[in-house]
Amino acid sequence: MDIPYTVAIRPDTGLYNAKVGIWLFLASEVMLFGALFSAYILLRVGAQDDFWPHGWLNIPLGTLNTLVLITSSITTVLAWASCKMNQFGRFKVFHACTLILAATFVGIKSYEYHDKFTHYEITLNDGRIADGHLLESKPDRVVIRGRFVADRKDLFDLRAPTASHKHEEITLPRADIKRMESYGPWHHTYLAIYFTLTGLHALHVIGGAIVIGFLWGPGSRLWRRDPERFTNRVEISGLFWHFVDMVWIFLFPVLYLI
């Protein structure tokens, strides 16, 4: 028995089944990310200005990732348009481009995560703070490339004209270290919400790429049997991908620029 309205338009909604389903799903996604954005706003408003980070993220890499996702949305639309024009070969090319761009986005984000997990704030017994990226960790010493600061507040606004960005190789004896912590989600509230928002978004990128990869690969066999239904599936995956793109367009200025 055939399922009704897989291709034909439903009389009650004016949409076919899958499009009704994806819009309902995206509505729940809006509520999910809306709650997290609201949490960020409340944490930001309630934080002391001198202790809220500025300039901790790599803006050029964030900008590059924004361009990557916007381009991937364009290739997704072109893949769907190719199906509508009965150009299956062009669909394969454009969807392959989308997959490559998705992998590029995840790769850049992984590099940013690695940068944070190898970046340490080290408090010494004499009260000084060393801040920088770990080069070597031995039982008797730690070597970083970074700088010393006398006041922890100097770590929070890297955009300030007075902020020292001169980094050098520093060797610290283990006996002199009072506390050592990487810039993971446990280090600061800002990083906790940053990893939560971007990590959840990255999972959506990976999930969307898996679906697009399936349609590009084994799922493309449906094209030979029912091209219109296959085209609808491409459209549905594209709607999800556009949502993922839109979320990042909000994440980028909120986390990187403000």
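Out of curiosity, is Thr66 out of contact with any strand residue (DSSP E or B) (no Cβ under 9 Å at 6 or more places or on another chain), surrounded by 14 or more Cβ atoms within 10 Å (Cβ to Cβ), more than 13 Å from Gly238 (Cβ to Cβ) and not small (Gly, Ala, Ser)? Criteria met by Thr66. If only residues of region 73-120 that are over 14 Å from the mean Cα position of the chain (by Cα) and of a type in the set (S, T, N, Q) are counted, the one that is nearest to Asn58 (Cα to Cα) is Thr118.
Every condition in (1) of a type outside the set (S, T, N, Q); (2) over 25 Å from Asp245 (Cα atoms); (3) within 28 Å of the chain's Cα centre (by Cα); (4) crowded, with 18+ Cβ neighbours inside 10 Å is met by Val142 except one, and the failing one is (3). Evaluated against (1) modelled with pLDDT of 95 or more; (2) of a type outside the set (Phe, Trp, Tyr); (3) over 24 Å from the mean Cα position of the chain (by Cα), Leu64 falls short on exactly one condition, (3). For Gly55, are the conditions met, namely being touching a strand residue (DSSP E or B) at 6+ places or on another chain (Cβ under 9 Å), touching a residue at least 24 places away in the same chain (Cβ under 8 Å) and either acidic (Asp, Glu) or closer than 30 Å to Leu158 by Cβ (or both)? Judged against the criteria, Gly55 is a match. The numbered conditions (1) at pLDDT 95 or above; (2) buried (at least 18 other Cβ atoms within 10 Å of the Cβ) are all true for Tyr113 except (2).
The values are calculated or read from the model by the stated rules, or taken from the named source; none is laboratory data. Here the structure is a predicted model, which means the values were calculated and not measured. Neighbour counts run over all protein chains shown; Cβ positions are idealised from the backbone, glycine included.
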